[in-house]
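Step one of this worksheet: look at the structure below.
Derivation of every value follows stated rules applied to the coordinates shown; laboratory data play no part. Since this is a predicted model, take the numbers as computed values, not measurements. Because the Cβ atoms are built from the backbone with ideal geometry, glycine has one as well, and the counts that use them run over all protein chains shown.
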Amino acid sequence: QVQLVESGGGLVQAGDSLRLSCAASRRASMGWFRQAPGKDREFVAALRWSAETYYSDSVLGRFTISRDRANNTVVYLEMNGLKPEDTAVYYCAAPSTLLTTNLRPNTAYTYWGQGTQVTVSS
């Protein structure tokens with residue numbers, strides 16, 4: 001069982017930066033997803049327990065996923081150059097096993113946080 005708690009969402013202007021945090025109850029691979037109104041939940045980024053990272057094409061070069069160096073159960077999503085189309089509820093998620101190979105589909109994840117709203121105004 002993994003409990004996940006997100007924080008750090010808010011209202012920002014286009015071009016601004018924001019950092020989301022996800023505190024897990026134990027060390028795990030982690031993914032970030034987002035869901036905009038009327039749209040499916042989509043993959044944003046993932047961090048494997050071995051430190052490999054994965055990004056969607058829409059955020060590559062703007063977002064960075066990382067693990068806290070002092071507390072390896074906390075994962076961040078640093079979001080730079082935010083655009084109005086980044087507006088969504090952002091969720092962190094963890095798979096049930098460290099052996100999960102493909103971290104992009106939401107079906108790879110068993111545990112989900114409650115979500116945090118990110119709104120980017122133009």
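Expressed as a fraction of 2.2 N^0.38 Å, the rule-of-thumb size for a compact globular protein of N residues, what is the C-alpha radius of gyration of the chain?
Values: Rg = 13.2 Å, N = 122, 2.2 N^0.38 = 13.7 Å.
Dividing the Cα Rg of the chain by 2.2 N^0.38 Å gives 0.97.
Return the single residue from Ala45, Ala28, Ala14 with maximal mean-square fluctuation; model: Gaussian network over the chain, springs between Cα atoms under 10 Å.
Ala14
Using R₀ = 22 Å, calculate the FRET efficiency as 1/(1 + (r/R₀)^6) where r is the Cβ-Cβ separation of Thr107 and Ala51; round to 0.05. Spell out each step's value before the answer.
Details: r = 23 Å, r/R0 = 1.05.
The calculated FRET efficiency here is 0.40.
Which FRET efficiency value, to the nearest 0.05, do you get for Ser96 and Arg62 by plugging their Cβ-Cβ distance into 1/(1 + (r/R0)^6) with R0 = 35 Å?
Numbers: r = 30 Å, r/R0 = 0.85.
According to the calculation, E is roughly 0.75.
Put one equal scatterer on each alpha carbon of the stretch 1-60, apply the Debye formula with no solvent term, and list log10 I(q)/I(0) at q = 0.14, 0.18, 0.23 1/Å to two decimals.
Results for the stretch 1-60 at q = 0.14, 0.18, 0.23 Å⁻¹ read -0.49, -0.82, -1.22.
If each residue of separation counts as 0.36 nm, what is the full-extension length gain between Gln35 and Gln13 once their alpha-carbon separation is subtracted? Walk me through the numbers before you get to the answer.
On the way: separation 22, 0.36 × 22 = 7.92 nm, distance 1.90 nm.
So the chain would gain 6.0 nm between Gln35 and Gln13.
Suppose the Debye formula is applied to equal point scatterers at every Cα of the stretch 60-122; what is log10 I(q)/I(0) at q = 0.21 Å⁻¹?
-1.08
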